[in-house]
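The values are calculated or read from the model by the stated rules, or taken from the named source; none is laboratory data. Here the structure is a predicted model, which means the values were calculated and not measured. Ideal geometry is used to build each Cβ from the backbone, glycine not excepted, and the neighbour counts take in all protein chains shown. What goes into the accessible areas is simple: the full protein's heavy atoms, side chains included, and nothing from ligands, DNA or RNA. Shrake-Rupley method; radii C 1.70, N 1.55, O 1.52, S 1.80 Å.
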Amino acid sequence: MRDRKPQENRIEQDGIGELALPAEAYWGIHTLRAVRNFPFSGYRLHPAFIRSFAQVKQACAKTNALLGYLPEERGRAIMDACAEMAAGELADQIVVDAFQGGAGTSTNMNFNEVIAGRAAELLGGDRGDRALVAPLRDVNMHQSTNDVYPTALKVAALTLLIELEQAVGRFQESMQEREAAFRNVVKVARTELTDAVPMTLGMTFGAFADAVARDRWRIFKCRERLKRVNLGGTAIGTGLGAPRDYILSAAGHLAAITGLPVSRAENLVDATQNMDVFVEVSGMLKACAATLLKIASDLRLLSSGPDAGFGEIRLPPLQAGSSIMAGKINPVMPEAVTQAAIRVMANDQAVTMAAALGQLELNHLLPLITHSLLETLTLLTAACNGLAEHCVPGIRACEERCREHVEQSSALATVLVPFLGYDPVGELVAEARKAGRTVSEQAVRVGVADPETLKRLLSPRQLCKLGFTPEEFEELNTP
């Protein structure tokens with residue numbers, strides 16, 4: 001907790017000049033300049049990024065203290081201040097905009113100043129006492145924005161990936177439960193939005209579940225891509241300005257603090273300038289968004305109506321759908337998921353462009369990559385949780401509507417093609433339409449199939465099998 005009242009006012013100076021700072025601020029002149037320079041979006045830094053950045057600073061302070069580069073008492077105060085930030089304290093003091101120039105320098109200085117201010121308090125001084133704990137001399141010791149910022153991004157992304165993987169797992173399980181519940185509900189499959197062949201509603205949800213399972217695996221593999229960090233590489237990955245023993249041990253302390261399997265990249269120059277790992281991860285996350293968009297669209301179609309549409313499933317009613325049409329219920333969860341998925345796809349384009357536009361030894365667009373990637377992870381997690389908790393478990397099959405569609409659709413005719421032939425079945429469909437009968441009624445009327453045979457052909461057991469055996473073919477062709 002913050003245990004000292006700040007001094008009434010203070011003036012700070014940098015290489016450009018002097019500025020007056022708010023009395024209550026832990027941050028300093030570098031942060032104030034950034035706030036004034038970049039009032040761009042109003043977006044704050046992601047909470048996971050604030051936590052991970054504090055953990056990176058904590059690891060650096062611990063390394064410097066253990067190696068004797070930081071005095072023990074000052075190092076402990078810095079580490080304690082970082083631990084408080086990682087636990088959620090002082091988050092309101094991270095005030096720079098998510099979009100900023102300088103490859104994240106404004107963010108790094110915001111943290112340096114706030115941590116220094118809090119550490120000074122812990123040592124018995126005022127939060128503005130930069131002589132007691134200096135943002136650059138002490139908190140930023142042996143660091144550069146260019147190694148701590150991308151390292152913090154990877155730590156935050158790894159943390160959020162674990163949450164996303166859990167959410168996707170719950171979503172997959174909810175689909176599998178519906179697959180089992182609907183295994184005996186026969187419906188019409190549609191290709192290009194036109195009647196195709198009979199299938200079961202369980203098959204539909206089983207296909208959803210398998211697609212989500214692939215996303216779950218891809219998300220797990222994403223974590224492998226982010227484990228190597230460039231902490232210790234300083235400005236461009238050469239480690240210039242940092243001692244060798246610090247460079248070799250900083251990432252290990254970060255792993256211990258975060259509980260994540262992060263380690264120092266083999267080629268720190270490469271890890272500092274090339275952002276392709278974020279493009280790869282973003283691409284795999286975009287695949288998840290595509291799956292969510294497809295499923296959300298299908299749920300809306302299958303539940304459309306309910307009286308004048310497909311009406312084959314009912315989504316759980318979550319809220320009133322209209323301020324003027326009484327009784328109207330909209331598919332709000334699939335609609336929200338659709339928007340989240342589209343935003344993820346837009347974020348992927350932003351990450352791709354930002355990574356490609358990095359120049360020479362540094363990518364100056366890391367703030368955009370950070371905001372886009374972490375927003376993507378948050379949106380996907382929320383979308384999967386929303387479907388798994390508030391939508392899929394409450395889906396109900398409209399079995400009578402499904403049965404009516406099967407009986408009235410020419411899709412039934414496709415089941416007869418292997419036994420009667422393509423052209424004769426085509427003639428049967430045309431005759432049924434001309435006479436105003438269903439295909440089933442016409443088939444029985446002209447004697448090409450009896451009701452029991454049609455029932456067997458359309459049984460869930462038969463539809464779920466992969467094709468038919470010669471024995472079954474012979475049996476079904478026996479009058």
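Quick look at the numbers
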item: Qualifying residue in segment 447-461 (condition: over 16 Å from residue 188 (Cα atoms), acidic (Asp, Glu) and at pLDDT 75 or above); result: yes
item: Selected residue (criterion: most open to solvent (accessible area, probe 1.4 Å)) from residues of segment 99-128 that are in contact with an Asp or Glu (Cβ under 9 Å, 6 or more places away or on another chain) and in a loop (DSSP other than H, G, I, E, B); result: 123
item: Answer residue from segment 218-230, given it is touching a Pro at 6+ places or on another chain (Cβ under 9 Å) and surrounded by 22 or more Cβ atoms within 10 Å (Cβ to Cβ) and is nearest to residue 186 (Cα to Cα) among those; result: 229
item: Test: residue in segment 26-47 that is under 21 Å from residue 255 (Cβ atoms), open to solvent by less than 10 Å² (accessible area, probe 1.4 Å) and under 33 Å from the mean Cα position of the chain (by Cα); result: no
item: Test for residue 170: is it touching a helix residue (DSSP H, G or I) at 6+ places or on another chain (Cβ under 8 Å) and surrounded by 21 or more Cβ atoms within 10 Å (Cβ to Cβ); result: no
item: Hits in segment 153-189 (condition: β-branched (Val, Ile, Thr) and under 22 Å from residue 292 (Cβ atoms)); result: 159, 162, 168
item: Subset tally (residues that are touching a residue at least 40 places away in the same chain (Cβ under 8 Å), of a type in the set (A, V, I, L, M) and either open to solvent by 30 Å² or more (accessible area, probe 1.4 Å) or over 21 Å from residue 303 (Cβ atoms) (or both)) for segment 317-351; result: 7
item: Residue 84 among the acidic types (Asp, Glu), modelled with pLDDT of 95 or more, assigned to a loop (DSSP other than H, G, I, E, B) and within 29 Å of the chain's Cα centre (by Cα); result: no
item: Only listed residue being within 23 Å of residue 225 (Cα to Cα), among the hydrophobic types (A, V, I, L, M, F, W, C) and in contact (Cβ under 8 Å) with a residue 60 or more places away in the chain, chosen from 380, 412; result: 380
item: Among (1) open to solvent by 30 Å² or more (accessible area, probe 1.4 Å); (2) aliphatic (A, V, I, L, M); (3) in a helix (DSSP H, G or I), the one test that residue 236 misses; result: (3)
item: Residue that is part of a loop (DSSP other than H, G, I, E, B) and open to solvent by less than 30 Å² (accessible area, probe 1.4 Å), where the choices are 96, 56; result: 96
item: Single residue of 245, 215 found to be touching a helix residue (DSSP H, G or I) at 6+ places or on another chain (Cβ under 9 Å), outside any strand (DSSP E or B) and open to solvent by 10 Å² or more (accessible area, probe 1.4 Å); result: 245
item: Qualifying residue in segment 447-460 (condition: surrounded by 13 or more Cβ atoms within 10 Å (Cβ to Cβ), within 50 Å of the chain's Cα centre (by Cα) and outside any helix (DSSP H, G or I)); result: yes
item: Residue check, residue 427 touching a Ser or Thr at 6+ places or on another chain (Cβ under 6 Å), open to solvent by 60 Å² or more (accessible area, probe 1.4 Å) and at pLDDT 80 or above; result: no
item: Cross-chain or 6+ apart pairs with Cβ under 7 Å, segment 245-268 first and free of Cβ contacts under 8 Å to residues at least 60 places away in the same chain, then crowded, with 17+ Cβ neighbours inside 10 Å and assigned to a helix (DSSP H, G or I); result: 261/255; 263/251; 263/255; 264/251; 265/271
item: Filter result for the condition that a residue is over 26 Å from the mean Cα position of the chain (by Cα), more than 29 Å from residue 42 (Cβ to Cβ) and crowded, with 24+ Cβ neighbours inside 10 Å, over 133, 186; result: 133
item: Pair list, Cβ under 7 Å, 6 or more apart: segment 60-83 residue more than 19 Å from residue 131 (Cα to Cα), other residue hydroxyl-bearing (Ser, Thr, Tyr) and part of a helix (DSSP H, G or I); result: 63/246; 63/249; 67/246
item: Residue in segment 352-377 that is least open to solvent (accessible area, probe 1.4 Å), counting only those that are free of Cβ contacts under 8 Å to residues at least 40 places away in the same chain and either touching a His at 6+ places or on another chain (Cβ under 6 Å) or not in a helix (DSSP H, G or I) (or both); result: 357
item: Some residue of segment 73-87 being under 30 Å from residue 261 (Cα atoms) and either aromatic (Phe, Trp, Tyr) or touching a His at 6+ places or on another chain (Cβ under 9 Å) (or both); result: no
item: Exclusive hit being touching a helix residue (DSSP H, G or I) at 6+ places or on another chain (Cβ under 7 Å) and either part of a helix (DSSP H, G or I) or on the phi < 0 side of the Ramachandran plot (or both), set 400, 389, 407; result: 407
